[in-house]
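K.L.:
Once you've had a glance at the structure underneath, I'll fire off some questions.
Readers should treat all values here as calculations from the given coordinates under stated rules, not as data from a laboratory. Quick caveat, the model's predicted, so the values are computed rather than measured. Every residue, glycine among them, receives a Cβ derived from its backbone with ideal geometry; neighbour counts consider all protein chains shown.
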Amino acid sequence: MHVELRVEARHDLVQGALFYEAQREGLGDYFTDSLFEDLERLQGEAGNHAMVYGLHRKLSKKFPFAIYYQVEKSVIDVVAILDCRRDPDAIAERLRRTRP
């Protein structure tokens, strides 16, 4: 299996990195590296995570972010990478808009 990030998920990753970089220099890169480690682990764990809003949700190991994805044959389709501190209704709405 391999991981594919949708355009929206890539945007989420960039926005998260910009947020953390504004907090402290270098933290944005650390955020990005950590999330890519989480995405790498996802290859061996895909489908084992709880279903939330109709998608699998993997929680990041180091940051309060969740990776929302679905498994389609040999592809792990990452729909979104969202901050868990957001309003749950906003998360649900965002995921409804980006689902196929």
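K.L.:
Assigning unit charges at the beta carbon (Lys, Arg +1; Asp, Glu -1) and nothing else, what dipole magnitude in debye, to the nearest 20, does the chain show about its Cα centre?
P.N.:
So the dipole magnitude of the chain works out to roughly 320 debye.
K.L.:
Tell me, what HN-Hα J-couplings in whole Hz come from the Karplus equation 6.51 cos²θ - 1.76 cosθ + 1.60 at θ = phi - 60° for each residue of the range 36-44, using x for Gly and Pro?
P.N.:
5, 4, 4, 5, 4, 4, 4, 4, x
K.L.:
Take the alpha carbon atoms of the range 53-71, find their center, do the same for the range 1-50, and report the distance between the two centers in whole angstrom.
P.N.:
Taking the Cα centre of each part, the range 53-71 and the range 1-50 sit 10 Å apart.
K.L.:
Okay, moving on. Can you run the Rg to Rh ratio on the range 37-100? Use alpha carbon positions and the Kirkwood inverse-distance Rh.
P.N.:
Result: Rg/Rh = 0.94.
K.L.:
Please list 3J(HN,Hα) in residue order for the range 71-80, calculated via the Karplus relation 6.51 cos²θ - 1.76 cosθ + 1.60 where θ = phi - 60°; whole Hz, with x for glycine and proline.
P.N.:
9, 10, 6, 9, 10, 9, 8, 7, 7, 7
K.L.:
Something else now. Pull up all non-local amide H partners of Val79: gap of 5 or more, or a different chain, and H-to-H distance under 5 Å with H placed in the peptide plane.
P.N.:
Answer set, sorted by chain and number: Tyr68, Tyr69, Gln70.
K.L.:
All other residues with a Cβ under 10 Å from the Cβ of His49 taken together, and with Lys, Arg as +1 and Asp, Glu as -1, what is their net charge?
P.N.:
Result for the local shell: +1.
K.L.:
Now, a different point. Can you give me the long-range amide H partners of Val3? Hydrogens built in the peptide plane at 1.01 Å from N, cutoff under 5 Å, separation of 5 or more residues or another chain.
P.N.:
Ile76
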